[in-house]
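Asks: Before I ask anything, let me first share the structure, which is written out below as structure tokens.
Where a number appears in this text, it was derived from the coordinates with a stated rule and is not lab data. All of these numbers come straight from a predicted model, not from anything done at the bench. Cβ: placed from backbone, ideal geometry, glycine included. Neighbour counts: every protein chain shown.
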Amino acid sequence: MDRLEDDVLEEGRPLAPILRHVIALGGHAHSEALRTWALRELQGYEGTDVPIPDYRRISAPLVMDGLHGSFQFREQPVSMFDLPDFARESLGDELRFGQGVGQIEALITAHPGQTVKLGPAMAAELAVVMSQDSARQVLRLYWAVHPSALEGILDQVRTRLIQLVGELRAAMPRGQQNPTSDQVAQALQNININTGDNSSVTVTAPVAVAHRSGSAKAVIDGAPRHTFRRALTAWAALATVLMVAAVTAWNVWR
């Protein structure tokens with residue numbers, strides 16, 4: 001925990017090694033949610049069934065480079081009417097950035113203070129379609145991403161790591177070196193991350209966390225919810241009604 005805290009608070013440290021440390025921490029604490037989130041931030045969200053978190057949603061203009069007669073244009077904004085019908089719903093000025101943090105850090109390092117050009121899927125094919133029946137020729141279609149937007153994603157990830165450390169410190173008694181699985185689960189209640197089952201760890205209703213020597217139950221509006229017991233009662237009542245109806249129908253038929 002001491003090493004993790006030092007690494008997270010050191011703003012200049014890359015995030016990838018820190019996230020690998022978090023995976024190890026999640027394994028020690030038997031926390032699948034923590035391991036899944038850290039692994040997805042490392043490997044990226046593309047090609048998985050895990051939704052890209054909202055903090056990875058950035059605004060970036062969709063632009064194009066090309067030729068109009070002898071005139072060459074660059075980074076010309078693309079309007080909805082420039083795009084073919086089949087691409088208008090999927091392309092726009094909002095980009096969900098699914099790359100891993102190592103790739104994001106590499107992009108920032110490779111383009112210091114420069115716009116990062118990221119092409120959509122089938123960008124070359126779209127450029128050909130957009131050039132048909134037009135006096136202009138589209139050579140390249142891409143999002144012009146400012147480095148500050150990428151740095152904002154990394155900052156959001158680091159903030160969640162700092163939250164994790166703070167919540168774990170608050171849950172762990174003085175002198176304890178490593179968190180338990182219950183303490184990790186309690187810490188994750190206050191951190192907005194996504195788990196592998198397409199749900200958020202953010203808690204919007206009471207969640208009970210039982211310690212090793214105790215028990216717990218969730219309470220909403222001051223009253224315990226006994227959903228399972230109520231379900232059994234309802235099914236028993238329904239079964240009784242159906243049985244009475246069946247006996248009545250048999251007597252009438254006879």
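Asks: Pop out the ³J(HN,Hα) list for region 132-147 in order, Karplus 6.51 cos²θ - 1.76 cosθ + 1.60 with θ = phi - 60°, rounded to Hz; leave Gly and Pro as x.
Replies: Those phi angles translate into 6, 6, 9, 6, 9, 10, 7, 9, 8, 10, 6, 8, 8, 9, 6, x Hz.
Asks: Which of the peptides 29-39, 165-175 is most tightly packed, and how do the rest follow, going by the mean number of other Cβ atoms within 10 Å of each residue? Before the final figure, lay out the partial values.
Replies: Values: 29-39: 20.6, 165-175: 13.9.
Highest mean packing first, the order is 29-39, 165-175.
Asks: Residues of region 44-71 with the amide nitrogen closer than 19 Å to a label point 7 Å from the Cα of residue 79, along Cα-to-Cβ, please.
Replies: It comes to 61-69, nothing else.
Asks: In terms of the ratio Rg/(2.2 N^0.38 Å) built on C-alpha atoms, what value belongs to region 54-148?
Replies: Numbers: Rg = 14.2 Å, N = 95, 2.2 N^0.38 = 12.4 Å.
Ratio of Rg to 2.2 N^0.38 Å for region 54-148: 1.14.
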